[in-house]
Amino acid sequence: MSAAKRLLILAYFYPPLAGGGVHRVLSFTRHLPAHGWGCTVVCAGERDYWVRDESLLHAVPAGTEVIRVAGGSGLAHVLRGRKDATGGRRSGATFAVLRALSDWWLLPDSYAGWAPRAAAAALARVERGGIDAVLSSSPPDSVHLAGERVAAASGLPWVADFRDPWVGLSFRRPPTPWHAARQAAMADRVIARADLVLGASRTHVAELAARAGRHAAGAPRRWLHLPNGFEPWATVAAGGDTEAGETFRLVFTGTLSLMDDAGTLLEAVRQVIAGDPDARAHLRVELAGPHDDTWPRRVAALGLGDVVRMPGPLAHAESRARQLAADVLLLWKPRGEGYRTMVPGKLYEYLDSGRPIVALLPAGDEAAELVERADGTRLDPGDAAGLAREIAARYARWRRGGRTAARRPPWLTTHERARLAGELARALDALVATGARA
C-alpha cells in the first residue's frame, strides 16, 4: 500500500542512537507505511547520546524522512566527554550529581533546551506541507512540550505517546514542592490537550486516564494501550552464537542503570558457587548492555570475574542472538512505585526467543503477569537466596539433561510490531477523518 498520509514524529531517540527507547519509534516508521502512513522523524543528532548502534540504520526505511536537530541534552554532552578509558562506562557518582543538578535547573528534564529547537524544525517542515498528524514520543518528556507547540500552531491532530511514565514525577523525586507542582502542571497539560494518548502498558493507560479525570482541564477523547511489542527473530539480522554450548548461560540484556537487582543476581551466583564450587567451571553470566563502572568493581569484589561477563552495549541483533543462546533469561526493572506501570520492552523479545525466564518483579506487576502467563518464574525483587535456589535447580537439570527446549507462547503473535502498527494506523485514520483537535 502506498503511503497516502504522513505522520510527523517528534522523538529524541532514533538510529543510530540506541537503547530500549529507540525500537518503538523505529517500528512505527518501519510498519506504518504498509498501512497508508509515511513518516517524518524529527530527532536528535547522530552523536547526541552515548549509546549508539550503527546497525539500526539499516532498519530505517528508505522512505522515512529524518530531520536531525543536533545539540542534544546538556547532561548527555557532559557525560559523553567523561567517557573513561574502557570505552563506554561512566562514573555512577558523576552521573548522579549531574542529574541532581539538572532536576533543579531544567524542567521538565535535561532535554529542555533541545525541545524548542525540535519544535521549530518540525513547524518548518509542517509549513512545507504534506503532514496530516503529529506524534510525540517520550521519554524525554520535553518532547511532548514540543509536540504541544507544533499541534497548537498547526492545528494538526496530536498523539502523545508515553513509552514510560512522566520521568520527573514517577522516577525521580522533585527537589522542592514548587518543582513537583511545575512537573505536574506540565504533565496534566499534555494529557489534557493531546487528541490521543498512547501508553505502553495497560496499567499506565489506566493511570493516565484516571489522572486526567481528576483535573478540570479535561481529557483527550481517546486512549490506546499500544504495547512495545517485538520484531520476530526471523526479521532481525542474525549475529552471534545462538547454539547450545558447554556452559550454562544466564543472560540479561539491556541497561544496568538504576538496576539494583543486578546486585541480587551477583549475590545469588556467589551463593550457588559457594554451595557447589564445581559450578564455576560451567556457569556463565552475561550482563549485556550499557553500564557504569560500579558493576565491574562489584563483580571483582565478589570474586566472579571468571564467571560474569559484561560486554557493554551490543548491536541489537547481537543482543537478540544472546537471548536465543541463553539457558535462562533474567528480567528485572528499577524498583519503586514509579516503575509499577513499566513493562520492559525487552520482555517481548525474551518471550519471542522461547527461552526460560526468571524475573525479579513484584507480585501483581503487569510485566510479572506476562512472565507467568508464559510459564516463566517470578521471584520477589531482592530475593537473592530464592534466586540462588532457582539457578542451582536449573543448573542441576541442565547438567543431567542438557538444554531446555524453546517454548514460544502462542498468544505472542498479537504483540508483533507490524500488527501493532496497524492498530496505530487505524487510530490515526480516525483522528484525521474527524478532524480531531482537543
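The values are calculated or read from the model by the stated rules, or taken from the named source; none is laboratory data. Note that the structure is a prediction, hence the values are computed from the model and not measured. Glycine also receives a Cβ, built like all others from the backbone with ideal geometry; neighbour counts cover every protein chain displayed.
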Would you tally the residues in the stretch 245-263 being over 21 Å from ALA281 (Cα atoms), over 14 Å from the mean Cα position of the chain (by Cα) and surrounded by fewer than 16 Cβ atoms within 10 Å (Cβ to Cβ)?
1
Scan the stretch 214-229 and tell me whether some residue there is under 18 Å from the mean Cα position of the chain (by Cα) and either more than 29 Å from ALA433 (Cβ to Cβ) or modelled with pLDDT under 90 (or both).
no
Filter the stretch 271-285 for residues that are under 26 Å from PRO362 (Cα atoms) and in contact (Cβ under 8 Å) with a residue 40 or more places away in the chain; the one that is surrounded by the fewest Cβ atoms within 10 Å (Cβ to Cβ) is GLN271
Meets criteria (of a type in the set (A, V, I, L, M) and either touching a residue at least 40 places away in the same chain (Cβ under 8 Å) or not assigned by TED's automatic domain parsing to the domain that holds LEU250 (or both)) for LEU331
yes
Search result, residues across the stretch 144-175 that are more than 18 Å from ALA206 (Cβ to Cβ), surrounded by fewer than 24 Cβ atoms within 10 Å (Cβ to Cβ) and at pLDDT below 90:
VAL167, PHE171, ARG172, ARG173, PRO174, PRO175
Among (1) in contact with a helix residue (DSSP H, G or I) (Cβ under 8 Å, 6 or more places away or on another chain); (2) under 19 Å from ARG6 (Cα atoms), where does GLY130 come up short?
(1)
Among GLU337, GLU390, the single one that is more than 21 Å from the chain's Cα centre (by Cα), outside the structural domain of VAL51 (by TED's automatic domain parsing) and acidic (Asp, Glu) is GLU390
Against the definition (surrounded by fewer than 21 Cβ atoms within 10 Å (Cβ to Cβ) and in contact with a His (Cβ under 7 Å, 6 or more places away or on another chain)), how does ALA418 come out, yes or no?
yes
Please pick out the residue among LEU387, LEU370, LEU351 that is crowded, with 17+ Cβ neighbours inside 10 Å and closer than 17 Å to ALA262 by Cβ.
LEU387
Select from the stretch 119-143 the residues that are among the β-branched types (Val, Ile, Thr) and not in a helix (DSSP H, G or I) and list them in ascending order.
ILE131, VAL134
Among the candidates PRO344, PRO296, single out the residue that is in a loop (DSSP other than H, G, I, E, B), of a type outside the set (D, E, K, R) and more than 23 Å from TYR395 (Cβ to Cβ).
PRO344
So ALA326, is it out of contact with any Cys (no Cβ under 6 Å at 6 or more places or on another chain) and in contact (Cβ under 8 Å) with a residue 24 or more places away in the chain
yes
Is there a residue being small (Gly, Ala, Ser), in a loop (DSSP other than H, G, I, E, B) and either touching a Leu at 6+ places or on another chain (Cβ under 8 Å) or modelled with pLDDT under 95 (or both) anywhere in the stretch 258-271?
no
If you scan the stretch 144-172, which residues turn out to be touching a His at 6+ places or on another chain (Cβ under 9 Å) and either in a helix (DSSP H, G or I) or basic (Lys, Arg) (or both)?
GLY168
Criterion violated by ALA384 - all others in (1) over 24 Å from ASP276 (Cβ atoms); (2) over 21 Å from the mean Cα position of the chain (by Cα); (3) touching a residue at least 12 places away in the same chain (Cβ under 8 Å) satisfied
(1)
Exactly one of (1) surrounded by 19 or more Cβ atoms within 10 Å (Cβ to Cβ); (2) free of Cβ contacts under 8 Å to residues at least 40 places away in the same chain is unmet by ASP306. Its number?
(1)
Consider ALA244 against the criteria (1) in a loop (DSSP other than H, G, I, E, B); (2) modelled with pLDDT of 90 or more: it satisfies all of them except one. Which criterion is unmet?
(2)
Would you pick out the residues in the stretch 400-413 that are part of a helix (DSSP H, G or I) and either assigned by TED's automatic domain parsing to the domain that holds ASP161 or under 17 Å from ARG355 (Cα atoms) (or both)?
GLY401, PRO410, TRP411, LEU412, THR413
